[in-house]
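*Asks:* Please read through the structure below; I'll follow up with questions.
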Amino acid sequence: MLEAIKKYLGLVWMALAIVAAYYCIGVFGWPKITSGLQEDNVFGWIILLVLTPIIVGGLFMFGYFAFTNEYKKEE
């Protein structure tokens, strides 16, 4: 029962990573870079090059490990 819940939540975390990638790139990153203001430009590059890989990579890896039963206890 718990293994099935882990697999389901693994898919949820991977989907959440895709949604986070959309928001980091499409809402917070790229529009800030193209706005033309210096403070928005710096914030946009930080979002795109630093925060997006950390957030999306972490969520996706956690979901993948949960989906593939990597957290299964060895007895």
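*Asks:* List the chymotrypsin sites (Phe, Trp or Tyr not before Pro) in the chain that DSSP assigns to loop (not H, G, I, E or B) and whose Cβ has at most 13 other Cβ atoms within 10 Å. Which are they? All intermediate terms of the calculation are to be shown ahead of the outcome.
*Replies:* Numbers: sites: 8, 13, 22, 23, 28, 43, 45, 60, 62, 64, 65, 67, 71; in loops: 71.
Taking the chain and a limit of 13 other Cβ atoms within 10 Å, the loop chymotrypsin sites (Phe, Trp or Tyr not before Pro) found are 71.
*Asks:* Counting pairs of alpha carbon atoms under 8 Å apart in space and at least six apart in sequence, what relative contact order in percent does the chain give? Working shown, then result.
*Replies:* Numbers: 73 pairs, mean separation 36.0, N = 75.
Once divided by the residue count of the chain, the mean separation gives 48 percent.
*Asks:* Can you give me the angle between helix 2-22 and the longest principal axis of the chain, using Cα atoms only, in degrees from 0 to 90, rounded to the nearest 10?
*Replies:* 10 degrees
*Asks:* First select every other residue whose beta carbon is under 12 angstrom from the beta carbon of residue 7; then total the charges, Lys and Arg +1, Asp and Glu -1.
*Replies:* Details: positive: 6, 72; negative: 3, 70.
Around residue 7, the surrounding residues sum to 0.
*Asks:* Does anyone have the angle between helix 52-67 and the longest principal axis of the chain? Alpha-carbon axes, 0 to 90°, nearest 10?
*Replies:* 10 degrees
*Asks:* What distance in nm separates the simple spin-label points at residue 7 and residue 68, each placed 7 Å from Cα in the Cβ direction?
*Replies:* With each label placed 7 Å out from Cα toward Cβ, I get 1.6 nm.
*Asks:* Here's another thing I want to ask about it. With a bin width of 5 angstrom, please list the P(r) values of the range 1-62 as percents of all Cα-Cα pairs, from the 0 bin to the one holding the largest distance.
*Replies:* Going out from 0 Å in 5 Å bins, the range 1-62 shows 4, 20, 22, 16, 12, 9, 7, 4, 3, 1, 0 percent.
*Asks:* Here's something else I'd like to know. In what sequence do 7, 72 fall when counting other Cβ within 10 Å, fewest first?
*Replies:* Working: 7 14, 72 10.
With the fewest neighbours first, 7, 72 line up as 72, 7.
FYI, it's all coordinate maths here, none of it is from the lab. Given the structure is predicted, the values throughout are model-derived calculations rather than measurements. As a convention, Cβ positions derive from the backbone with ideal geometry for all residues, glycine included, and neighbour counts pool all protein chains shown.
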